[in-house]
Amino acid sequence: MKRREKGCSDDCTIGAGAMTVSHANDSYFWVVSQFSRMSVPQAYKAHTVATGIQGVVSMVFIWLLSIILL
């Protein structure tokens, strides 16, 4: 595996993992909850589940791309 290709895959995976669960200590959580006018308990449930799904799908997608492209 070339160093550059591996690094790109690693960087993408780290980025996807960083967004796996966004919670109240994340400013993105507050931006989404306030602009969508959700209550805090509702935002905890909806936003945390949505970012969890986003992170898992992203990591699986990157893993599949790494198998195909690398």
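Assorted remarks:
- Zone residues, segment 8-33, relative to I67, backbone N less than 18 Å from point 7 Å out along Cα-to-Cβ: 9-10, 13
- Legend: residues M38, M59, sorted from most to least accessible area (1.4 Å probe; ligands, DNA and RNA excluded), read M59, M38.
- When trypsin sites (Lys or Arg not before Pro) are flagged only if DSSP places them in a loop and at most 15 other Cβ atoms lie within 10 Å, the longest unflagged stretch of the chain comes out as 3-36.
- Answer label for P(r) over Cα pairs in 5 Å bins from 0, in percent (calculated), chosen among (1) 3, 14, 16, 15, 12, 8, 8, 7, 6, 5, 4, 2, 1; (2) 3, 17, 22, 18, 12, 10, 8, 6, 2, 1; (3) 3, 14, 8, 10, 7, 7, 8, 6, 7, 5, 4, 5, 3, 3, 3, 2, 2, 1, 1, 0: (2)
- Note on surface exposure: F61, F35 rank F35, F61 by accessible area, highest first, 1.4 Å probe.
- Taking every alpha-carbon pair under 8 Å whose residues sit at least 6 apart, the chain reaches a relative contact order of 44 percent.
The values are calculated or read from the model by the stated rules, or taken from the named source; none is laboratory data. Bear in mind the structure is a predicted one, so any value in this text is a computation, not a measurement. So basically every Cβ, Gly included, is an ideal-geometry build from the backbone, and we count neighbours across all protein chains shown. These accessible areas exclude ligands, DNA and RNA; they are computed on the full protein's heavy atoms, side chains included. Shrake-Rupley method; radii C 1.70, N 1.55, O 1.52, S 1.80 Å.
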